[in-house]
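Please read the structure below before turning to the comments.
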Amino acid sequence: QVQLVESGGGLVQAGGSLRLSCTAPGRTFSTDAVGWFRQAPGKERTFVAAITALGGATEYADSVQGRFTISGNEAKNPVYLQMNRLKPEDTAVYYCAVSVAGTTSDSSAYDYWGQGTQVTVSS
């Protein structure tokens, strides 16, 4: 069983920054994709960013492009999500996930999920 642990969430004012971390004790994900998703109250879980399975390329949702940066070493453990210029609409529970198939933006293709960390952006 893969355990993913997110940390770094909190309360921040609009325009501020947070850095989320995703760790998995004793595991490496060199051939897997690792992504971040978020779910706001009453809304579906949506894709935020991912590091692809091979090569370390990154992908972002349009809503966070240019503000968020996903990064990680070759083992993809840990994986970070640097969030800058945060907006109230970024408020959500943020989840880290791993896709063995290497798929990035499709949440249904992810195999392992963390418990989530709350990010709240005040206006």
Do you know which residues across the range 40-60 are open to solvent by 60 Å² or more (accessible area, probe 1.4 Å) and touching a strand residue (DSSP E or B) at 6+ places or on another chain (Cβ under 7 Å)?
Arg45, Thr46, Thr58, Glu59
Residue list for the range 1-32, filter: of a type in the set (Val, Ile, Thr), in contact (Cβ under 8 Å) with a residue 60 or more places away in the chain and assigned to a loop (DSSP other than H, G, I, E, B)
Val2, Thr31
Identify all residues within the range 8-37 that are at pLDDT 95 or above, in contact with a Gly (Cβ under 8 Å, 6 or more places away or on another chain) and hydroxyl-bearing (Ser, Thr, Tyr); write none if there are none.
Ser21
So which of Val79, Val93, Val98 ends up being within 11 Å of the chain's Cα centre (by Cα) and surrounded by fewer than 20 Cβ atoms within 10 Å (Cβ to Cβ)?
Val93
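Tell me, which residue of the range 3-39 that is more than 16 Å from the chain's Cα centre (by Cα) and β-branched (Val, Ile, Thr) is surrounded by the most Cβ atoms within 10 Å (Cβ to Cβ)?
Val12
The values are calculated or read from the model by the stated rules, or taken from the named source; none is laboratory data. This structure is a prediction, so every number in the text was calculated from the model and none was measured. All Cβ positions, even for glycine, are placed from backbone atoms using ideal geometry, and neighbour counts span all protein chains on display. These area figures cover heavy atoms from the full protein model, side chains too; ligands, DNA and RNA do not enter into them. Shrake-Rupley method; radii C 1.70, N 1.55, O 1.52, S 1.80 Å.
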